[in-house]
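The values are calculated or read from the model by the stated rules, or taken from the named source; none is laboratory data. No experiment lies behind these values; they were computed from the predicted model shown. Cβ: placed from backbone, ideal geometry, glycine included. Neighbour counts: every protein chain shown.
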Amino acid sequence: MTQSREAPIPHQPVIGVAGPSDLVAQIIELGAGLAGDQADWRLVGIAYHDEGEVAKELARVQSGLDACLFAGPLPYDLAHAAGGLAVPATYIPLSGSALYGALLRAVLEQHADIRRVSIDSVPRNEIHEAYADLHIPVTDVRVVEYRDPESPAEFFEFHRDAYRRGATELALTSVRSVAQRLADAEVPVLLMRPTTATIRSALRTTALLGIGSRLEDSQIAIGIVELPSGPTGEYGRDQLRLAVHHILLDEARRMDATVLSRDERSYYIVATFGSLTAATDDLSAPPFVERIRQEVGLDVELGIGLGLTARAAEANARTALARASTAAGESSYVVGADGTVLTAPIRQSARQLSHDDAHSKARTTLDRLARALGSGAEVPTDRLVVDASAVAELLDITPRAARRVLHTLTETGLAWQMPPLRSAGPGRPRQLYRLLPEKLS
């Protein structure tokens, strides 16, 4: 018997989170929630009281990081200007979504007239778009954009002067030190915060940057596996996601890849091009797509993108996924580093067999099972209800192979899939099948 060797467990990307202590705590709590929901990373807090401390605090832990996420453009620029940024990094953008939340809080908490406010950091065009969406005139809204690390020095005077002139009644700022100075000057102020959705997206982007930095000597391959949006069938949505995630983790270990949750319906698989091609027979048969179909009964869509950076590979993976979503009859595509389709749609191994050949093999397998259970077509009915563990024992195969056997028997009409047995414990419900040896005669 050949002794199997367990593949190495991929390294989790270690992400530094730099920002004010309360925001860092919020981001880490959110990241921990995502980690419990299939995100694969480790977060390290880098908290500071003043933005000027960010470079010093980063230097304490940077050697152990794969990437760093900053709370906004200011701490990112300050760390970069100090020359101490030695890992891939990005920041949480303060976009229109944060502005909507701040405007709502201004109305509900401070009863402010949001037609008469001053706003810093957010791009002017996004402010105009937000007010247009709300059908509120923007004529009297005062705006100053973030340009560089010197900008916050202007923010305080900008907000204070507008308020003292009577032009505004509330300041909306993204910089904590500016908010504190305005409060000390008795200027009504509201600190803008990024939304949960923006933080979640930024965390995933940073994780990709971190993985990419470890693969920088190789062409990076990123796959996006997306579940269908239709009815879930016998499994609930959460059970489906959990089952798919377990399969992806198992397959990722074989190719030394990393799995990251992308959203409620999809996952990233990040690897080098070499390891991915080795595990997929030169991109001809992705094992995770076929295995998900066989074990969960779900046809997922797959887009694989290649690139010299994680950002480029992820963009190409999205293009490939879009192609897979619109192509009739095919569910997998690869887009190369130059943005073009490298290969024909990836074929699925189960479809390579002709119907007659597959049916013949299934009949042979069912005959073996029937003989192992008793006496061919005369097997008592109660013994014909089996699960994967029983088939694995009868045929002396692995449980994974047994699930494939049962799936094939069901597809060829030689077995019926029965309702799964529900249990109070964790894990996938036990799936039963009724073998049909009477169809052999």
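Miscellaneous remarks
- If you go through segment 151-174 and keep only what is in a helix (DSSP H, G or I) and either in the same structural domain as HIS80 (by TED's automatic domain parsing) or aliphatic (A, V, I, L, M) (or both), you end up with ALA153, ALA162.
- Summed over segment 139-165, residues that are over 13 Å from VAL117 (Cβ atoms) and among the small types (Gly, Ala, Ser) total 2.
- For segment 160-190, the set of residues classified as farther than 23 Å from LEU23 by Cα and not β-branched (Val, Ile, Thr) consists of ARG160, ASP161, ALA162, TYR163, ARG164, ARG165, GLY166, ALA167, GLU169, ALA185, GLU186, listed by residue number.
- Criterion: outside the structural domain of ALA243 (by TED's automatic domain parsing) and at pLDDT 85 or above - qualifying residue of ASP367, ASP382: ASP367
- Verdict on ARG105 being farther than 30 Å from LEU249 by Cα, free of Cβ contacts under 8 Å to residues at least 60 places away in the same chain and either assigned to a loop (DSSP other than H, G, I, E, B) or basic (Lys, Arg) (or both): no
- Considering residues of segment 320-347 that are polar (S, T, N, Q) and crowded, with 18+ Cβ neighbours inside 10 Å only, the residue modelled with the lowest pLDDT: SER331
- In segment 109-161, the residues that are of a type in the set (Lys, Arg) and either at pLDDT 90 or above or at positive phi (or both): ARG115, ARG116, ARG142, ARG160
- Residue, surrounded by the fewest Cβ atoms within 10 Å (Cβ to Cβ), within segment 24-44, restricted to residues that are within 12 Å of THR196 (Cα to Cα) and modelled with pLDDT of 80 or more: GLU29
- Restricting segment 175-207 to residues that are under 27 Å from the mean Cα position of the chain (by Cα) and outside any helix (DSSP H, G or I) leaves a set whose member that is farthest from ALA310 (Cα to Cα) is MET192.
- Test: residue in segment 269-280 that is hydrophobic (A, V, I, L, M, F, W, C), within 20 Å of ARG237 (Cβ to Cβ) and at pLDDT 80 or above: no
- Scanning segment 115-150 for residues that are without any contact (Cβ under 8 Å) to a residue 24 or more places away in the chain and part of a helix (DSSP H, G or I) returns ARG124, ASN125, HIS128, TYR131, ALA132, ASP133.
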